[in-house]
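Worksheet for the structure shown next.
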Amino acid sequence: MEKLRSIEELIDALKRLPSIGSKSAERMAFALLNFQQDDLDDLANKISSIKKKVHPCPICGLYTENAICSICNDPERTDELIIVVAKPNDIIGFEQLANFHGRYHVLGGLVGTTSLTKISDLNIDSLIERINKEKTKELIIATNPNIEGETTALYLAKLLEDIPVKVTRIGYGVAMGSQIDYVDSLTLHKSLEGRKEIK
Ligand SMILES: [Zn+2]
């Protein structure tokens with residue numbers, strides 16, 4: 001079949017999405033060719049307006065369409081407990097737990113040798129500000145159990161050495177090398193129960 005530049009360009013664009021390889025991108029591109037023009041326009045609009053509608057919450061870094069996210073805005077939640085995660089979708093499993101009523105903080109990346117994120121780009125200053133202002137009693141570091149996740153947890157523990165807050169690390173259940181956003185909520189429940197003090 002003749003190679004068409006428009007299709008090749010669309011395939012290349014789709015391949016930038018996570019978990020989409022050449023084959024999947026190709027299938028998606030050809031499926032889109034079968035869409036009605038109205039549906040294509042609707043899809044294109046939804047994609048192009050997403051960042052205009054959704055932005056990180058200025059307090060915790062979770063995505064929201066409002067000034068402040070629904071979790072920060074919830075008066076039923078306690079300020080005493082904050083789960084610290086690397087990225088917004090890492091909280092999904094914790095939110096399915098019936099017994100967690102604390103809040104979250106999204107770092108926006110990890111500290112580590114292979115990470116492209118600089119420490120200064122991480123939401124650490126805002127975390128320290130929150131701990132001081134909200135009188136947080138415990139921070140639970142729920143970064144992925146890999147080298148960067150561990151490095152980040154230890155970095156935070158060291159940084160918060162002189163601040164009166166307990167710092168814990170999620171415990172057993174979450175295997176080394178696994179990804180928080182793929183771990184089921186039962187395993188996360190176990191890992192919360194088995195969290196260890198690291199500071
Ligand atoms: Zn928030």
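The values are calculated or read from the model by the stated rules, or taken from the named source; none is laboratory data. What you are looking at is a predicted structure, and each value in this text was computed from that prediction instead of being measured. Backbone-built Cβ (ideal geometry, glycine too); neighbour counts: all protein chains shown. Just the protein is used for accessible areas: all its heavy atoms, side chains included, with ligands, DNA and RNA removed. Shrake-Rupley method; radii C 1.70, N 1.55, O 1.52, S 1.80 Å.
A few notes on this one:
- In this structure, GLY171 does satisfy being in a loop (DSSP other than H, G, I, E, B) and either more than 18 Å from the chain's Cα centre (by Cα) or farther than 18 Å from ASN89 by Cα (or both).
- Taking (1) part of a loop (DSSP other than H, G, I, E, B); (2) open to solvent by 20 Å² or more (accessible area, probe 1.4 Å); (3) closer than 19 Å to SER191 by Cα in turn, ILE92 satisfies each apart from (1).
- The set of residues in the stretch 40-51 being under 19 Å from the mean Cα position of the chain (by Cα) and modelled with pLDDT of 95 or more consists of ILE50 alone.
- Checked against the criteria, THR64 counts as within 11 Å of the ligand (Cβ to nearest atom), surrounded by 10 or more Cβ atoms within 10 Å (Cβ to Cβ) and either within 30 Å of GLY102 (Cβ to Cβ) or at pLDDT below 95 (or both).
- Once the stretch 1-28 is narrowed to residues that are among the hydrophobic types (A, V, I, L, M, F, W, C) and within 28 Å of the chain's Cα centre (by Cα), the residue that is most open to solvent (accessible area, probe 1.4 Å) is LEU17.
- Failed item in (1) outside any loop (DSSP other than H, G, I, E, B); (2) modelled with pLDDT of 85 or more; (3) under 28 Å from PRO18 (Cβ atoms), with GLY109 passing the rest: (1)
- Within the stretch 56-81, residues that are on the phi > 0 side of the Ramachandran plot and assigned to a loop (DSSP other than H, G, I, E, B) have Cβ atoms under 9 Å from residues that are modelled with pLDDT of 95 or more and near the ligand (Cβ under 6 Å from one of its atoms) in these pairs: GLY61/CYS69, counting only partners at least 6 apart in sequence or on another chain.
- Residue match in the stretch 112-119 (condition: more than 13 Å from the ligand (Cβ to nearest atom), in a helix (DSSP H, G or I) and open to solvent by 10 Å² or more (accessible area, probe 1.4 Å)): yes
- Residue count, the stretch 126-154 (criterion: more than 19 Å from HIS101 (Cβ to Cβ), of a type in the set (Asp, Glu) and either in contact (Cβ under 8 Å) with a residue 24 or more places away in the chain or open to solvent by less than 20 Å² (accessible area, probe 1.4 Å) (or both)): 1
- Every listed requirement among (1) open to solvent by less than 80 Å² (accessible area, probe 1.4 Å); (2) away from the ligand (no atom under 16 Å from the Cβ); (3) not charged (D, E, K, R) is met by TYR104 save one, (2).
- Within the stretch 20-29, not a single residue is small (Gly, Ala, Ser) and either part of a strand (DSSP E or B) or within 16 Å of the ligand (Cβ to nearest atom) (or both).
- Taken over the stretch 121-140, the residue count meeting the criterion of being under 17 Å from LEU62 (Cβ atoms), of a type in the set (A, V, I, L, M, F, W, C) and not in a loop (DSSP other than H, G, I, E, B) is 3.
- Considering (1) assigned to a helix (DSSP H, G or I); (2) open to solvent by less than 50 Å² (accessible area, probe 1.4 Å); (3) modelled with pLDDT under 80, the lone condition that LEU186 does not fulfil carries the number (2).
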